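The values are calculated or read from the model by the stated rules, or taken from the named source; none is laboratory data. Being a predicted model, the structure only gives us computed values, none of them experimental. Here Cβ is always computed from backbone atoms with ideal geometry, including for glycine, and neighbour counts include all displayed protein chains. To get the accessible areas, we keep the full protein, side chains included, count just its heavy atoms, and leave off ligands, DNA and RNA. Shrake-Rupley method; radii C 1.70, N 1.55, O 1.52, S 1.80 Å.
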Amino acid sequence: MTNTRIPPARAERPAVRAAPAPQGPSARDRGTRLLATLFLTPTIVGIVIFTVVPIVGSVILSLFHWNVIDSPSYAGLSNYGEVFGDETVLVSFRNTLVFMVFAVALQLLVALALALTINGRMPVWLRSVFRSAFFFPLVLSAASISVVMKYLFNQDFGVINWALGFVGIAPVPWLTSENAAMATVVLVYVWQQFGFSFLLFVGGLNNIPKEIHEAAALDGATGLRKHLTVTLPLLSPTLLVASVVGIINALQVFEQPYVLTNGGPGDSTRTVVMVIYETAFEQLRFGEASAVGVLLFVLIMAVTALQFRLSRRFVHYQ
């Protein structure tokens, strides 16, 4: 009997399919991109025209002497030398920094305290009334508010001193004393500006899950301890935004000190933006004014960068 060997069957190789050819964006994707471009274009154009161009123009103008009447003459960095040698400019930077520290700190403290109060047990309608009332001063003109406050804080016939007289307190020189003038400007500024931070904090508190507060209460955290250990860490992103916006606005303060004290008494309330205005539009030294503006811009950028740098350690995201 002959043994017949049967060859093993060959495994069939799977057919190799060619990779699909890359396809371009569909008509729907192109339409979406076109629509997004159309919506973004006005904003981008506005930023370029009203932000980028003025910044570049100020930097260029800071290198020239120009009084509007005569042709600009190149000055190099001499304008910056004059700025650093001007005692009024240096005092204005010091005043602005002092104002920023006290105004932003008080603004955030008042806004946070009111937000925590409003966010407690309170009828919804009453909560809405308080939100509108606290935000209302922000929509008013800073100049008009300052005019009214100037009369209220007047030493001779102001309503505030008139009310203090009923309790036996002598008239306070709110706007004519170097120590009281800055405090008055800070109070008027905070009264108008805290509404923005207040709304930010209210929104941030509403985004904190109630389960976290309930768990903290079970662990024995109540009252101030709960706010310090639970609420503030979870509210830190909102606090960062409020502080960044508050510091940027405070470094550019103009209307309140200009209307209330006109920078006085002496130079005790003169701010950087007031110096820019006076140098440019009263003394017609646009080159020097632009140099001060550039330095203020650098200061704002440096402080903002420092805030975001520190936020890596102190801001906690859920």
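Of note:
- Residues that are in contact with a helix residue (DSSP H, G or I) (Cβ under 6 Å, 6 or more places away or on another chain) and either among the charged types (D, E, K, R) or open to solvent by 60 Å² or more (accessible area, probe 1.4 Å) (or both) were ranked within the range 83-132; the one that is farthest from Q252 (Cα to Cα) is R127.
- Here W125 meets each of (1) at pLDDT below 90; (2) closer than 30 Å to V303 by Cα; (3) of a type outside the set (G, A, S) with one exception, condition (2).
- Within the range 277-318, being more than 24 Å from E255 (Cβ to Cβ), open to solvent by 80 Å² or more (accessible area, probe 1.4 Å) and not in a helix (DSSP H, G or I) holds for H316, Y317, Q318.
- Selection of the range 10-63 for residues being assigned to a loop (DSSP other than H, G, I, E, B), at pLDDT 80 or above and out of contact with any strand residue (DSSP E or B) (no Cβ under 8 Å at 6 or more places or on another chain) yields only S62.
- Test for L138: is it without any contact (Cβ under 8 Å) to a residue 12 or more places away in the chain, under 30 Å from V298 (Cβ atoms) and either in a helix (DSSP H, G or I) or open to solvent by less than 60 Å² (accessible area, probe 1.4 Å) (or both): no
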